């Protein structure tokens, strides 16, 4: 089976380490190992590095469950980041000729990876004014063989947040047709106050991780929250495909969740500051515009009309060291992904460089890519 | 897609924590986090817990490559244990109606998991006298659609080690027919002195990990070593299915491999001692027999004729606290997996308990399962 490059991941693998100013990384500031262990210095005492609990450390499981209304033990399993969570859900649910629906722009995993399981895919365009779901277009995309809807909330790359009302509207449409929903919630409020799709729908599965809002991508701690029947099947699959996630990162995950107020406060302060600076920069900006997201570290910056996002991102990186993932990696040209989660020495100055760059920028290629 | 329980993993998940005397765990004694970090106390200094290098820490990659003759950078990628390595290789190679061959008794992943990819499977019985490959039966099992042969070397659960000659014989048969070979080498000599299948065949892929011989299953550090074209495709799949393995366990993996002489010496001493004790116990033993493996921590203990291995293992655990995985989990009844890698307070006494147990044992069920 051939699979296309995961464009955004490949872009980051290829170019990220050339970046001087990375304005596109979707994590919040990473914690170092020493900072994290300082929150509970004896957490790793006498810890044997064996397989640990096959379905995950009970304390970690309890902490993760506390982020949800339904705290039934059987509704949770652990995995290597939410991306493996999404993989496992698709591997379990999708059969040849099933149909899936995702949204565009979006996270390429949602439309490309289902093809691995011989499923077909439709990407429904989001409304361009506020990146909300076009429910009329969504309903038209549903087919008798539609098995699964895939989305992220908050959304990557636009940062749109679907509130409980919007989620319930989506659920009510899917419920009528018996369609599963997989909601990637890696950008969800780290204190678990915002609604989770898995709590709203008996065929709703949510994935989460410590990577983004907690600044701990390096632990690769992810999870899947969903109906017990699906979780049980995934646990069988896990026996073949990973065995366990290991006690070391699980113990550190416990520290993170038991100190989630500390971790989230640090991240929230950075995001709030960055969003204010970007909002200030965008006022009367002759080149760029963006809907500043109410939640999470991700937004989608609109480029001047007619620019190829790929060419723009490459030229900008070469000339200024400013690094973006282009919209073309998310299925929509004319934008770049702008992230708010990282501390910068002087963000306003870097943003001003963008305008200076535009003043003299004349790309050789201006066609869409 | 339905998938059957992974019997040996499920058995361990279900019963392992009831064990008083675990004589079946295939890892060597686990290192604790503190023991490992003591070998290089500054290794985690200033380590941000971000995604790290997407295709793995370059120092770790270099250390792993040093275990092979072909040390080309493009022939290696990292994963979550060798079991995920095996998963990724199968996901990449297997298409519907492909045929695979594995050996029986064996590791259930090799015949059950290919069915996930709509492939069919033949399990060729190993010779019962020395658990070597019956090459005549193997050749007869090959079909035009045979795509992949799967094995472990040293073998799980019998502990058989295929030397370079046996591997070359297997390769020569497969080469004629263009058949890939996946060799799980988690039990390979931790100093990389024994041959790796990946070094002997252009369609040979080896998987490895720090789980067994290094006593570091908790790091979940695994890898795939194979032709660059396959590794490149697996890296694309990894972007969808895991992103990275994370810098924390990678740095600790570097410590392990840079101190592999220390780790392997400790493990070898335990195995040598245990094998001598088991050999002594088996002399003139009226109930049990076993080929003591020349390498690695795994062997297959023959039970008295007519016993159900499942029933025996359950009854033994209940009465004595001695824990085995039954042969039925590996596709061959009448045996249990006996492991040599763990330190025991008084192994001979525990083994003697087995004989005492047998003296009065009359199972209710004696049929094969």
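The values are calculated or read from the model by the stated rules, or taken from the named source; none is laboratory data. Since the model is a prediction, treat every value here as computed from it, not as a measurement. No Cβ is skipped: glycine too gets one built from the backbone with ideal geometry, and neighbour counts run over all protein chains shown.
Report those strands (runs of 3 or more DSSP E) wholly inside segment B:38-131 carrying at least 1 residues which are under 23 Å from residue B:177 (Cα atoms) and more than 9 Å from chain A (Cβ to nearest Cβ). Write out each step before concluding.
Values: elements: B:76-80, B:99-104, B:120-125.
The qualifying strands (runs of 3 or more DSSP E) are B:99-104, B:120-125.
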Consider segment B:11-30. How many of its residues are within 12 Å of residue B:329 (Cβ to Cβ), touching a residue at least 40 places away in the same chain (Cβ under 8 Å) and not in a loop (DSSP other than H, G, I, E, B)? 3
Being surrounded by fewer than 23 Cβ atoms within 10 Å (Cβ to Cβ), within 13 Å of the chain's Cα centre (by Cα) and in contact (Cβ under 8 Å) with a residue 40 or more places away in the chain: is that true of residue A:194 here? no
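Residues checked against (1) surrounded by fewer than 24 Cβ atoms within 10 Å (Cβ to Cβ); (2) within 30 Å of residue A:117 (Cα to Cα):
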| residue | (1), (2) |
| --- | --- |
| B:214 | no, no |
| B:221 | no, yes |
| B:226 | no, yes |
| B:232 | yes, yes |
| B:238 | no, yes |
| B:262 | yes, no |
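Yes or no: residue B:293 touching a strand residue (DSSP E or B) at 6+ places or on another chain (Cβ under 6 Å), in a loop (DSSP other than H, G, I, E, B) and more than 16 Å from residue B:81 (Cβ to Cβ)? Don't jump to the end; show me each part of the working.
On the way: touching a strand residue (DSSP E or B) at 6+ places or on another chain (Cβ under 6 Å): yes; in a loop (DSSP other than H, G, I, E, B): yes; more than 16 Å from residue B:81 (Cβ to Cβ): yes.
Spelling it out, residue B:293 is indeed touching a strand residue (DSSP E or B) at 6+ places or on another chain (Cβ under 6 Å), in a loop (DSSP other than H, G, I, E, B) and more than 16 Å from residue B:81 (Cβ to Cβ).
Within segment A:283-303, which residues are closer than 20 Å to residue A:132 by Cβ and either surrounded by fewer than 16 Cβ atoms within 10 Å (Cβ to Cβ) or within 18 Å of the chain's Cα centre (by Cα) (or both)? Show your work before the answer.
Taking segment A:283-303 first, the residues closer than 20 Å to residue A:132 by Cβ are A:289-302.
Selection gives A:289, A:291, A:292, A:293, A:294, A:295, A:296, A:297, A:298, A:299, A:300, A:301.
Quick one: is residue B:280 more than 13 Å from chain A (Cβ to nearest Cβ), surrounded by fewer than 20 Cβ atoms within 10 Å (Cβ to Cβ), touching a residue at least 40 places away in the same chain (Cβ under 8 Å) and in contact with a helix residue (DSSP H, G or I) (Cβ under 9 Å, 6 or more places away or on another chain)?
Numbers: more than 13 Å from chain A (Cβ to nearest Cβ): yes; surrounded by fewer than 20 Cβ atoms within 10 Å (Cβ to Cβ): yes; touching a residue at least 40 places away in the same chain (Cβ under 8 Å): yes; in contact with a helix residue (DSSP H, G or I) (Cβ under 9 Å, 6 or more places away or on another chain): yes.
Yes, satisfied.
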Among (1) more than 30 Å from residue B:202 (Cβ to Cβ); (2) more than 7 Å from every other protein chain (Cβ to nearest Cβ); (3) modelled with pLDDT under 95, which single condition is residue B:35 missing? (3)
Which condition number does residue A:136 fail, the rest of (1) assigned to a helix (DSSP H, G or I); (2) surrounded by fewer than 19 Cβ atoms within 10 Å (Cβ to Cβ); (3) in contact with a helix residue (DSSP H, G or I) (Cβ under 7 Å, 6 or more places away or on another chain) being met? (3)
When you scan segment B:304-323, how many residues do you find that are surrounded by fewer than 20 Cβ atoms within 10 Å (Cβ to Cβ) and closer than 22 Å to residue B:274 by Cβ? 3
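Per-residue answers, yes or no, for (1) in contact with a strand residue (DSSP E or B) (Cβ under 7 Å, 6 or more places away or on another chain); (2) assigned to a loop (DSSP other than H, G, I, E, B):
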site: A:306; (1), (2): no, yes
site: A:310; (1), (2): yes, no
site: A:318; (1), (2): no, no
site: A:329; (1), (2): no, no
site: A:338; (1), (2): yes, no
site: A:343; (1), (2): no, yes
site: A:350; (1), (2): yes, no
site: A:353; (1), (2): yes, no
site: A:357; (1), (2): no, no
When you look at residue B:104, is it under 28 Å from residue B:338 (Cβ atoms), in contact (Cβ under 8 Å) with a residue 60 or more places away in the chain and surrounded by fewer than 17 Cβ atoms within 10 Å (Cβ to Cβ), yes or no? yes
Subset of segment B:5-21 [more than 11 Å from chain A (Cβ to nearest Cβ) and surrounded by fewer than 22 Cβ atoms within 10 Å (Cβ to Cβ)]: B:15, B:18, B:19, B:20
Failed item, numbered, when residue A:145 is tested on (1) under 30 Å from residue B:94 (Cβ atoms); (2) crowded, with 22+ Cβ neighbours inside 10 Å; (3) in contact (Cβ under 8 Å) with a residue 40 or more places away in the chain: (2)
